[in-house]
Amino acid sequence: MSLGCRIEFAAVLFGFTQMLSGAACVGKVNRHDTIIMKNGDRLTGEVKKLEQGVLYVETDYFSGSVGVDWLQVEKVESTATYQIVLGDGKRLTGTISKVEAEGAPNKDFRVHESGLDVPVSGKDVVQIESQKRTFWSQLKGSVDFGYNFTSGNNQSSLSASANVEYVAARWAAGTSYTASYSGQSGGATTNLLEVQTVGERFLNRDSYLLGLSDFLHSTQQDLVLRTTLGTGYGRYITRTNQNKLRWLVGADYSRASYQSQPAQPTQQNAELLLGVQYQLFHFDRYTLQSQSLVFPGMSDLGRVRFTTNDTFSVKLSNNFHLNFSFWDNFDSRPPLSAQKNATGLSTGLGWTF
């Protein structure tokens, strides 16, 4: 697709989001929490969450949630119960309040938990999640869709992805789905389908245990299905209102079947599991998410698999975003007729819930 076509396509998508946001109705909030900014602005509504340095507030007079810079918030008063995560990994549950930083240096944020007040610095608070009444209302995730077409060779590609996550006080679970189809008039078509499920158990402060399952189908690599089941231990290196970085080490079992190997339809291997995840976010403007996993072979020494999935999202209005994604699946020892890499690039429109 030419640059001009891409710009026009992005403009159409943005116009579509504006139309949807204009059609949204203003709801009625159940609480009237108080939020006062450092410049004196005052908001009254429901504090929903603090995520990626943005405090989201739902009011009676705005459509959808309003996002404000957490570092510019002077005061907060709320009677709701929240799950709070600090920069050092400590997790708390209770009601919250924030006062002027000058009046209480390094102790301007308080969590009221089980009759006790826990004072901390507001700069150390990296996540606030409201405790919702039902399981379904606690879910969060996103849905993305992209399409590219090149008129010169009649080549088109379609990509779709979705993910959902549930976060509790001591554990979290999530699943993601990725699909990519590409084809050319009079030529071959390729497709990739991947489903990944992750479960985490939070330990003391910055450490966690992780369980992973991954199911991959890729015609580029002649792969009918690769099943990966693994577990590991990880820690956060850094966790702030601007970025998060963590590592993982463990082991896994993989079982793969290929179209080009009828005499040996499956391969089974024990592997090491090494991973790193990074997130970079700038106040309600853009987000970069990157995950890389390396699988050095143990039962098949010398063989190495590698996967990466990287997405840069530019935020639009009303939870919509424009994203640019890159993914790669590498195998150092594929079947003779298969490629070592299955690589993809996509742009599209997404919605976060």
Apart from one, (1) at pLDDT 95 or above; (2) surrounded by fewer than 19 Cβ atoms within 10 Å (Cβ to Cβ); (3) over 20 Å from the mean Cα position of the chain (by Cα) all hold for Asp252; the odd one out is (2)
Matching residues in region 285-302 (over 15 Å from the mean Cα position of the chain (by Cα) and touching a residue at least 60 places away in the same chain (Cβ under 8 Å)) number 1
So Tyr61, is it over 19 Å from Asp284 (Cα atoms), in contact (Cβ under 8 Å) with a residue 40 or more places away in the chain, of a type in the set (Phe, Trp, Tyr) and not assigned by TED's automatic domain parsing to the domain that holds Leu203
no
Which residues, counting only those in region 303-334, are small (Gly, Ala, Ser) and out of contact with any strand residue (DSSP E or B) (no Cβ under 8 Å at 6 or more places or on another chain)?
Ser317
Determine, yes or no, whether Phe283 is touching a Leu at 6+ places or on another chain (Cβ under 7 Å) and among the aromatic types (Phe, Trp, Tyr).
no
Give me a count of the residues in region 99-117 that are touching a Pro at 6+ places or on another chain (Cβ under 6 Å) and part of a strand (DSSP E or B).
1
Which residue out of Ala173, Ala160, Ala169, Ala251 is under 30 Å from Lys123 (Cα atoms), touching a residue at least 12 places away in the same chain (Cβ under 8 Å) and not in a loop (DSSP other than H, G, I, E, B)?
Ala173
Note down all Cβ pairs under 7 Å where the first residue falls in region 97-122 and is touching a residue at least 12 places away in the same chain (Cβ under 8 Å), the second is in a strand (DSSP E or B) and of a type in the set (Phe, Trp, Tyr), and they're at least six residues apart or on different chains.
Lys98/Phe109; Val120/Phe109; Ser121/Phe109; Gly122/Phe109
How about region 195-211: which of its residues are on the phi < 0 side of the Ramachandran plot and in contact (Cβ under 8 Å) with a residue 24 or more places away in the chain?
Thr197, Val198, Gly199, Glu200, Arg201, Phe202, Asn204, Asp206, Ser207, Tyr208, Leu209, Leu210
Which number in (1) at pLDDT 90 or above; (2) in contact with a Phe, Trp or Tyr (Cβ under 9 Å, 6 or more places away or on another chain) marks the one condition that Ile35 misses?
(2)
Would you mention how many residues in region 118-129 are crowded, with 19+ Cβ neighbours inside 10 Å and either out of contact with any Asp or Glu (no Cβ under 7 Å at 6 or more places or on another chain) or outside any strand (DSSP E or B) (or both)?
6
Restricting the search to region 303-345, which residues are modelled with pLDDT under 85, within 22 Å of the chain's Cα centre (by Cα) and assigned to a loop (DSSP other than H, G, I, E, B)?
Ser317, Asn318, Asn319
Number of the condition not met by Asn204 [criteria: (1) exposed (fewer than 15 other Cβ atoms within 10 Å of the Cβ); (2) in a strand (DSSP E or B)]
(2)
Within region 213-234, identify whether any single residue is in contact with a strand residue (DSSP E or B) (Cβ under 8 Å, 6 or more places away or on another chain), farther than 30 Å from Tyr181 by Cα and among the basic types (Lys, Arg), and answer yes or no.
no
Checked region 211-226 for anything crowded, with 19+ Cβ neighbours inside 10 Å and part of a strand (DSSP E or B); matches are Leu212, Asp214, Leu216, Ser218, Leu223, Arg226
When both residues are 6+ apart or on different chains and their Cβ atoms are under 9 Å apart, which pairs have a first residue that lies in region 68-88 and is over 30 Å from Leu203 (Cβ atoms), and a second that is polar (S, T, N, Q)?
Gln72/Asn39; Glu74/Asn39; Lys75/Thr34; Lys75/Ser97; Glu77/Thr34; Glu77/Ser97; Thr79/Thr95
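The values are calculated or read from the model by the stated rules, or taken from the named source; none is laboratory data. In this text, all values refer to a predicted model and were calculated from it rather than measured experimentally. Reconstructed Cβ throughout: ideal geometry from the backbone, glycine too, with neighbour counts over all protein chains shown.
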